[in-house]
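Some notes on the structure that comes next.
The values are calculated or read from the model by the stated rules, or taken from the named source; none is laboratory data. On a predicted model such as this, the values are computed, not experimentally measured, just so you know. All Cβ positions, even for glycine, are placed from backbone atoms using ideal geometry, and neighbour counts span all protein chains on display. Only protein heavy atoms, including side chains, enter the accessible area calculation; ligands, DNA and RNA are left aside. Shrake-Rupley method; radii C 1.70, N 1.55, O 1.52, S 1.80 Å.
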Amino acid sequence: MQFRDLKTQYKIMKAQMDTAICQVLEEGSYISGRQVRELEEKLAEYVGVKHCITCGNGTDALTLMMMVWNITAGDAVFVPDFTFFASGEIVAYAGAVPVFYDVSEQTFNGDANSLEQAILAVQKEGKLKPRAVIAVDLFGQPAEYQRICAVAKKYGLLVLEDGAQGFGGSIGAQKACSFGDAATTSFFPAKPLGCYGDGGAVFVNDGEIAERIKSFRVHGMGKSKYDNIRVGINSRLDTLQAAVLLVKLQAFRDYELEKIHRIAEFYTDSLKGYVKTPYILPGYTSSWAQYAIQLPDSVDRAYVQKYLLAKGIPTMVYYQKPMHQQQAFALCKQYTDCPITEALCQCVLEIPISPYMELEEAEQVVTALKEACS
Ligand SMILES: *Cc1c(COP(=O)(O)O)cnc(C)c1O
């Protein structure tokens with residue numbers, strides 16, 4: 001069994017995919033080809049924002065927003081303590097200080113109260129200038145934007161949605177990657193919408209910001225590529241990846257989301273009472289980037305992983321360490337405690353899920369998990 005079955009996906013799409021890839025090779029426009037623009041239009045339309053600007057990966061997408069917002073030395077950016085390293089890394093890379101806030105035990109997503117505590121602690125110290133809040137749609141469920149944005153507004157901070165795992169999720173009728181002042185996503189192969197390499201995108205409604213992002217992603221270009229009006233980076237989605245994503249986006253919309261929901265529902269129904277299953281807030285939809293369970297204290301996680309692996313079932317631990325405990329952030333002061341994140345890092349376990357998983361495979365996972373936990 002694969003942790004996320006991308007091989008079956010390719011088998012099913014093979015005819016269409018091979019044609020799309022060959023077309024790029026034949027047309028010979030490998031960078032900024034027509035497929036890139038077509039993809040950007042389709043993504044913006046799907047998400048429900050005015051502008052989608054693709055780039056090299058999800059980390060660069062976040063970095064581009066740090067550049068556009070001129071986040072720099074002396075600034076504080078608030079980042080959930082329970083997330084992938086890049087969400088905080090890009091803040092430090094911009095020269096600013098990531099300030100970590102705790103998450104909700106229920107949703108794994110940033111907790112608005114902890115965020116406010118962290119902001120107040122930074123304000124009280126008076127050394128850093130609070131600038132922005134990053135909220136992460138962890139494991140596929142959108143963060144609680146209403147609450148996060150209310151706190152951000154109270155303190156005059158920008159909100160950046162890190163939707164690397166959130167693409168395809170929603171709150172009511174509003175899709176992920178449309179929340180906050182700007183949003184980003186990643187097309188890393190294992191993400192909800194993945195390409196065959198690295199890729200990412202930024203989503204914004206403001207036309208002027210969109211133009212600045214487009215400039216920053218191509219060496220700070222002005223009127224032309226050889227007119228450079230600012231220092232930027234080189235981060236583009238290549239045409240091959242755009243062609244791949246056009247095929248995959250269609251499948252994502254047509255059936256993949258629906259299929260993965262079916263697997264997630266089956267897990268939740270079958271695992272209730274054995275482990276703590278993911279909690280999706282009323283009105284929220286997850287795109288199930290991961291299916292994360294919490295094991296009871298009495299169960300040894302390493303043992304469960306070994307037991308499942310012996311039955312051919314791979315599992316992962318996302319994440320092993322709170323951000324504030326990463327060596328790279330050893331010099332970053334902790335402004336507020338993050339006990340929930342610390343506890344989650346000890347007990348979470350991610351089990352296989354994908355739109356191409358058969359129900360029988362999910363049954364095998366459930367049976368093995370129940371055995372391992374008893
Ligand atoms: C994957 C991921 C990223 C980075 O995306 P890349 O495309 O790998 O650079 C950023 N944030 C979160 C939450 C992620 O899961």
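Computed quantities for the displayed model
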quantity	calculated
Average accessible area per residue (Å²) across the chain - probe 1.4 Å, nucleic acids and ligands excluded	43 Å²
Using θ = phi - 60° and Karplus 6.51 cos²θ - 1.76 cosθ + 1.60, couplings along region 237-252 (whole Hz; Gly, Pro as x)	7, 7, 4, 4, 5, 5, 5, 4, 5, 4, 5, 5, 4, 4, 5, 4
Debye, to nearest 20: dipole size of region 85-133, +1 on Lys, Arg Cβ, -1 on Asp, Glu Cβ	340 debye
Dipole magnitude of region 138-207, debye to nearest 20 (Cβ charges: Lys/Arg +1, Asp/Glu -1, about Cα centre)	200 debye
Extreme residue, positive dipole direction of region 1-148, given options Met67, Gly33, Leu6 (C-beta unit charges)	Gly33
Estimated FRET transfer efficiency (Arg37, Ala15; beta-carbon r; R0 25 Å; 0.05)	0.55
Only Lys, Arg (+1) and Asp, Glu (-1) charged, at Cβ; the chain dipole about Cα centre in debye	660 debye
Average silhouette area of the chain, convex hull of alpha-carbon atoms, in square nanometres	18.5 nm²
Extension reserve of the Arg253-Lys370 stretch, reckoned as 0.36 nm per residue once the Cα distance is removed	38.8 nm
By average C-beta atoms within 10 angstrom, highest first, the peptides 27-34, 229-236	229-236, 27-34
Globularity index of region 260-312, i.e. its alpha-carbon radius of gyration over 2.2 N^0.38 Å	1.27
Solvent-accessible area, 1.4 Å probe, carbon plus sulfur percent, for region 220-299	51 percent
Selection from Gly232, Gly56, Tyr356 lying farthest towards where the dipole of the chain points positive, charges on Cβ	Gly232
Helix-only CD estimate at 222 nm, as mean residue ellipticity for the chain, using -39500 (n - 2.57) per DSSP H run (n ≥ 4)	-13000 deg cm²/dmol
Nearby lysines by direct alpha-carbon distance to Lys272 (threshold 25 angstrom, same-chain neighbours under 8 apart not counted)	Lys259, Lys306, Lys311, Lys370
Additional length obtainable on full extension of the chain from Glu211 to Glu45, 0.36 nm per residue less Cα span	58.0 nm
Flagged links, alpha-carbon separation over 24 Å, of Lys50/Lys129; Lys11/Lys191; Lys129/Lys154	Lys50/Lys129
Residues Leu331 and Ala310, FRET efficiency given R0 of 30 Å [Cβ-Cβ distance, rounded to 0.05]	0.10
Cα→Cβ-extended label distance, 7 Å offset, between Ala190 and Lys154, nm	3.7 nm
Neighbour-limited loop hits for trypsin sites (Lys or Arg not before Pro), region 109-169 (at most 16 other Cβ within 10 Å; DSSP other than H, G, I, E, B)	Lys127
